[in-house]
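Data first, discussion second: the structure below is written as structure tokens.
The values are calculated or read from the model by the stated rules, or taken from the named source; none is laboratory data. Being a predicted model, the structure only gives us computed values, none of them experimental. Every residue, glycine as well, gets a Cβ built from its backbone with ideal geometry; the counts of neighbours run over all protein chains shown.
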């Protein structure tokens, strides 16, 4: 078998960047293509019990790295890429109660923040994003328009969206459109 080098190209490398929207010098919404680091999908084994205290130990220690995805499922997210050996090294932490699947190649994180972020996201989702109902650290699978994404509140006025790689650019463009009335600054990291 021939050896070849795998060339990684960020999913949002060709997305529109720069400033969009109103001519105001005050931008109320910021979009950012976040580092593609690692995305680990953790799946609980049948009858494994409550793993809420165990799952965060797989993460890198950053707040809100472990995000509920569904019953017995979590995404553990971080900015640094992990090798296969590093991911495999995390499996003993789970003590056979769950398994880990690397999803970093297939998922992209987009950050959105600003004073009007709840209003912008409300244009695309039916999730009640009021801070009292959707506190910092909370996540929910939802549709943003027609695109499925894991929506997580990471701060009082900030959210992250985790989306399938093939839909990242479409979601990026949709978020820009939803933000235009508030002024948007978009950074793809190029």
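Quick notes on this one:
- For residue 49, the test of being on the phi > 0 side of the Ramachandran plot and touching a strand residue (DSSP E or B) at 6+ places or on another chain (Cβ under 6 Å) is failed.
- Residue in segment 84-98 that is within 14 Å of the chain's Cα centre (by Cα) and under 19 Å from residue 162 (Cβ atoms) present: no
- Which listed residue is at pLDDT below 95, part of a loop (DSSP other than H, G, I, E, B) and surrounded by 13 or more Cβ atoms within 10 Å (Cβ to Cβ), from 43, 51: 51
- Count of segment 100-126 residues, restricted to those that are in a loop (DSSP other than H, G, I, E, B) and farther than 30 Å from residue 81 by Cβ, is 4.
- Filtered residues of segment 70-99 (kept if part of a strand (DSSP E or B) and buried (at least 18 other Cβ atoms within 10 Å of the Cβ)): 74, 75, 76, 77, 78, 98
- Of the residues 120, 108, 76, the single one that is within 19 Å of residue 61 (Cβ to Cβ) and touching a helix residue (DSSP H, G or I) at 6+ places or on another chain (Cβ under 6 Å) is 76.
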